[in-house]
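First comes the structure, then the notes that go with it.
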Amino acid sequence: MTDAPLDPGDVDAQVIVIGLGGMGSAAAYHLARRGVSVLGLEQFTPAHDRGSSHGGSRIIRQSYFEDPAYVPLLLRAYELWEELARVSGREVYRITGGLFIGPPECATVSGSLHAAQLWGLEHEVLDAGEVARRFPGFVPEAGQVAVYEPLAGFARPEETVAAHIDLAGREGADLRFGETVRSWSDHGQYVEVVTDSGRLRARELVICPGAWAPEILADLGVSIEIERQVMYWFGLDTPTAADDPSSDDVPAMVDAPIYIQENADIEQIYGFPAIDGPDGGVKVAFFRRGDTCSPETIDRVVHDDETERMRTRVQQLLPGVAGPALDAATCMYSTTPDHNFVIARHPRHDRVTVACGFSGHGFKFVPVVGEILADLVVDGHTDHPIDIFDPTRAALAAGGGDRVATAGAR
């Protein structure tokens, strides 16, 4: 980060961070803890439910079936999850173990096993009978297997965002909520951000826009599709320790692992234990089964036929998830063509760093993404392996032309 004199005028902060969801709040904290003056801007309230960092839980895991190249980042992320929990005093994550279930040749199983073997991660391979015996409530189809990862678990997104916001504030960051960014521009010696409250200047700009990426990063040259996704909570009809301490079904789904299951139709579902006790039910969802939308057009109503489709599918694996539908919520995936992230210095603007396109699997990386963004701003580079997140990679060509970087973010 250069300290060259600015012309014209002074700056309001060394770095402005646009978006204080998962990635932006982590960036604000990691920058502020390094002594950088930070001004953070968020259009909604802290830890809001209008984007992608809500819903009570997000899976964390290391045996990464998507690509084993992510594993080094996950190893560092786990260190930072532990540090964040200790420093903040919040339960931002919990280790439950994780089951990655399906036909032996499916990506969920074979990819998880490959990553675990390549990086020497602790794991077991279980057949369907072993899964059912060791994990009450789970009934995989005959012929399915599971990779069990004991260090898998879940993060709490609202707690995580709140923790990073609190810690950033303790380190001196000026974080403003309910302030909408209308445009930004790079003036060579400084960047300028126009909000509904006025004009702000900084030496550097970090943009973590979530589902607003297609608007605010219109000149990035990356095709990002916004997808509506639904999360569901169902009650249990199996006994718990509170109901019947002698039951063989204890702990049923109350003390269960997280899981991802893929069927023969290459359809993935994922879910969690009853993380807040049996009365809160269990959260389940389809992975990447949603309609294209935008933050303005997303249908936030969850319809009865959607709920019943989810119930039918999850009962193929968890017959005991047969209680009433307790709740449902929508969120948005920001998906790149190759499903890899975008984390880099902006290819057209030397003073701008971006983090977007997390494609429905990014939250587990929140702490390390914050560290990477701070590296890129302060040092101009990072030692973390992020080449696969380069926005100029061929898979992301969007034909964006010469659109200017002044689209609004609301």
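Every residue, every condition in (1) surrounded by 18 or more Cβ atoms within 10 Å (Cβ to Cβ); (2) of a type in the set (S, T, N, Q); (3) closer than 27 Å to GLU262 by Cβ, yes or no:
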residue: LEU74; (1), (2), (3): yes, no, yes
residue: SER88; (1), (2), (3): yes, yes, no
residue: VAL92; (1), (2), (3): yes, no, no
residue: ILE101; (1), (2), (3): yes, no, yes
residue: HIS114; (1), (2), (3): no, no, yes
residue: PHE154; (1), (2), (3): yes, no, yes
residue: HIS164; (1), (2), (3): yes, no, no
residue: GLY169; (1), (2), (3): no, no, no
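Taking the range 47-68 as the range and being out of contact with any Asp or Glu (no Cβ under 9 Å at 6 or more places or on another chain) and of a type outside the set (Phe, Trp, Tyr) as the test, the residues that pass are ARG50, GLY51, SER52, SER57, ARG58, ILE59, ILE60, GLU66, ASP67, PRO68. Can you confirm whether the range 324-335 contains a residue that is in contact with a Leu (Cβ under 9 Å, 6 or more places away or on another chain) and in contact (Cβ under 8 Å) with a residue 24 or more places away in the chain? So far as the range 324-335 goes, no, none of its residues is in contact with a Leu (Cβ under 9 Å, 6 or more places away or on another chain) and in contact (Cβ under 8 Å) with a residue 24 or more places away in the chain. Among the residues making up the range 46-59, a single one is in a loop (DSSP other than H, G, I, E, B) and either of a type in the set (Lys, Arg) or over 23 Å from THR330 (Cβ atoms) (or both): ARG50.
Evaluated against (1) over 20 Å from CYS331 (Cβ atoms); (2) crowded, with 23+ Cβ neighbours inside 10 Å, ALA211 falls short on exactly one condition, (1). Number of residues in the range 210-249 that are in a strand (DSSP E or B) and modelled with pLDDT of 95 or more: the value is 10.
Quick one: which strands (runs of 3 or more DSSP E) lie wholly within the range 250-336 and hold at least 1 residues that are surrounded by fewer than 19 Cβ atoms within 10 Å (Cβ to Cβ) and either of a type in the set (Gly, Ala, Ser) or on the phi > 0 side of the Ramachandran plot (or both)? Give the derivation first.
On the way: elements: 258-262, 268-271, 282-286, 325-335.
Result: 325-335.
I need the full set of residues from the range 142-171 which are within 20 Å of PHE365 (Cβ to Cβ) and in a helix (DSSP H, G or I), in order please. Residues satisfying the conditions are PRO157, GLU158, GLU159, THR160, VAL161, ALA162, ALA163, HIS164, ILE165, LEU167, ALA168.
So which of GLY40, GLY51, GLY35, GLY55 ends up being under 15 Å from TRP212 (Cα atoms) and among the small types (Gly, Ala, Ser)? Explain how you work it out, then say what you get.
Details: GLY40 fails: under 15 Å from TRP212 (Cα atoms); GLY35 fails: under 15 Å from TRP212 (Cα atoms); GLY55 fails: under 15 Å from TRP212 (Cα atoms).
Being under 15 Å from TRP212 (Cα atoms) and among the small types (Gly, Ala, Ser) holds for just one of GLY40, GLY51, GLY35, GLY55, which is GLY51.
Out of all the residues in the range 363-372, is one or more under 21 Å from PRO157 (Cβ atoms), surrounded by 22 or more Cβ atoms within 10 Å (Cβ to Cβ), under 21 Å from the mean Cα position of the chain (by Cα) and not assigned by TED's automatic domain parsing to the domain that holds ALA213? The answer is no; no qualifying residue exists. Only residues that are in contact (Cβ under 8 Å) with a residue 24 or more places away in the chain and either in contact with a Gly (Cβ under 9 Å, 6 or more places away or on another chain) or not assigned by TED's automatic domain parsing to the domain that holds TYR78 (or both) were counted in the range 120-137, giving 3.
From the set of residues in the range 1-24 that are part of a loop (DSSP other than H, G, I, E, B) and either among the β-branched types (Val, Ile, Thr) or modelled with pLDDT of 95 or more (or both), which is surrounded by the fewest Cβ atoms within 10 Å (Cβ to Cβ)?
First, the residues of the range 1-24 that are part of a loop (DSSP other than H, G, I, E, B): 1-12, 19-21.
Still in the list and also either among the β-branched types (Val, Ile, Thr) or modelled with pLDDT of 95 or more (or both): 2, 11-12, 19-21.
Details: THR2: 10, VAL11: 19, ASP12: 17, GLY19: 29, LEU20: 30, GLY21: 27.
Selected residue: THR2.
As an exercise: evaluate GLU141 against (1) among the acidic types (Asp, Glu); (2) outside the structural domain of VAL282 (by TED's automatic domain parsing); (3) within 30 Å of HIS114 (Cβ to Cβ) and give the number of the one condition it does not meet. Result: GLU141 passes all but (2).
Hey, among the residues in the range 25-45 that are of a type in the set (Gly, Ala, Ser) and part of a loop (DSSP other than H, G, I, E, B), which one's surrounded by the fewest Cβ atoms within 10 Å (Cβ to Cβ)? Only one residue fits best here, namely GLY35.
The values are calculated or read from the model by the stated rules, or taken from the named source; none is laboratory data. For clarity, every value in this text was computed on a predicted model and none was experimentally measured. Positions of Cβ are generated from backbone atoms using ideal geometry, with glycine treated the same way; all protein chains shown enter the neighbour counts.
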